[in-house]
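The values are calculated or read from the model by the stated rules, or taken from the named source; none is laboratory data. Computed from a predicted model, the values in this text were never measured in an experiment. Neighbour counts run over all protein chains shown; Cβ positions are idealised from the backbone, glycine included. Surface areas here come from the heavy atoms of the whole protein model, side chains and all, with no ligands, DNA or RNA. Shrake-Rupley method; radii C 1.70, N 1.55, O 1.52, S 1.80 Å.
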Amino acid sequence: MKKNLLRVSALAFALSLCVALPSCGDNTKKEAEKPAAAAKTNAEKSGLPNYRYVDLDTVLNKYNLAKDYNEEMLRMQNNMESEVKRHENSIQSFATSMQKKLQNNGYLSEESYKADQEKINNMQATAQRSVASLQNNFENAAMTAQKTVNDSIQAFIKDYNAKKGYDAILFKNATLFINPDLDITDEVVEGLNARYNKVKK
C-alpha cells in the first residue's frame, strides 16, 4: 500500500493531545513552571511566540515505530491478497473441470453432478469465511497499531513539553499558515526514535 497505513486524523489527534494546559493537572503545571518560564524568556529574546508546531505526516513517515507497523500491515495485506487469489484459483479450477466434465457427459448420474455443485458451494463458503477472518484481523491490527503510535507520540510530547514549557504544540496541517521557524518536527522525530530504539534494544 503506497499510502501510510497509519495515517491519522490530525484534528482528532490534536483534540486529544494535552500539552501544558491547566486542565492537565496541577502536578504537570508545577513541573512545567520552570521550563515554561525559561521558554518564555527565550521566546521573548528570539521574538517568537511561545508555541511550536509539528508536521504529523513527516512524523508518521520517519518515526520508526510507525514505519515498523506499516511494514507489518503491508505484510498482512499481502498475505490476505495471496489468500484471496489462492481461493479464487482453486474455485475457478474446479468450476472449469466441472464444465468440461459436463460437456463430455462425464457425470454418470444427477447425484454426482449435485455432489460437485455442493462441493463448489462449500469451497466458496470456506473462502468467504477465510477472507472475512483475515480482513477482521487486519482491521483489528490496524486499529491497535494506530492507537499505539498515537499514544506513543502523545506521551513523548507531554514529556518533551514538560522540559520545554511551550504554551501549545500545534499540528501543521491544522493551520493555514505558520512561521517555519516554529517547526520542531525534526527534533520530535529524533526524540521519538531515540526513545523507541532504546526500548527496542
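When you scan the stretch 82-91, do you find a residue that is within 24 Å of the chain's Cα centre (by Cα), within 30 Å of I153 (Cβ to Cβ) and surrounded by 14 or more Cβ atoms within 10 Å (Cβ to Cβ), even just one?
Checking the stretch 82-91: not a single residue is within 24 Å of the chain's Cα centre (by Cα), within 30 Å of I153 (Cβ to Cβ) and surrounded by 14 or more Cβ atoms within 10 Å (Cβ to Cβ).
Against the condition open to solvent by less than 50 Å² (accessible area, probe 1.4 Å), under 30 Å from A155 (Cβ atoms) and assigned to a helix (DSSP H, G or I), how does A66 come out, does it pass?
Criteria met by A66.
So which of K147, K163 is surrounded by 11 or more Cβ atoms within 10 Å (Cβ to Cβ), among the charged types (D, E, K, R) and in contact (Cβ under 8 Å) with a residue 60 or more places away in the chain?
Sole residue among the options that is surrounded by 11 or more Cβ atoms within 10 Å (Cβ to Cβ), among the charged types (D, E, K, R) and in contact (Cβ under 8 Å) with a residue 60 or more places away in the chain: K163.
Any idea which of N137, N193 is open to solvent by 70 Å² or more (accessible area, probe 1.4 Å), within 18 Å of the chain's Cα centre (by Cα) and touching a residue at least 24 places away in the same chain (Cβ under 8 Å)?
Matching residue, one of N137, N193: N137.
Under 29 Å from the mean Cα position of the chain (by Cα), in contact (Cβ under 8 Å) with a residue 12 or more places away in the chain, surrounded by 12 or more Cβ atoms within 10 Å (Cβ to Cβ) and not in a helix (DSSP H, G or I), is that true of I178? Give the steps one after another, and end with the answer.
Values: under 29 Å from the mean Cα position of the chain (by Cα): yes; in contact (Cβ under 8 Å) with a residue 12 or more places away in the chain: yes; surrounded by 12 or more Cβ atoms within 10 Å (Cβ to Cβ): yes; not in a helix (DSSP H, G or I): yes.
Yes.
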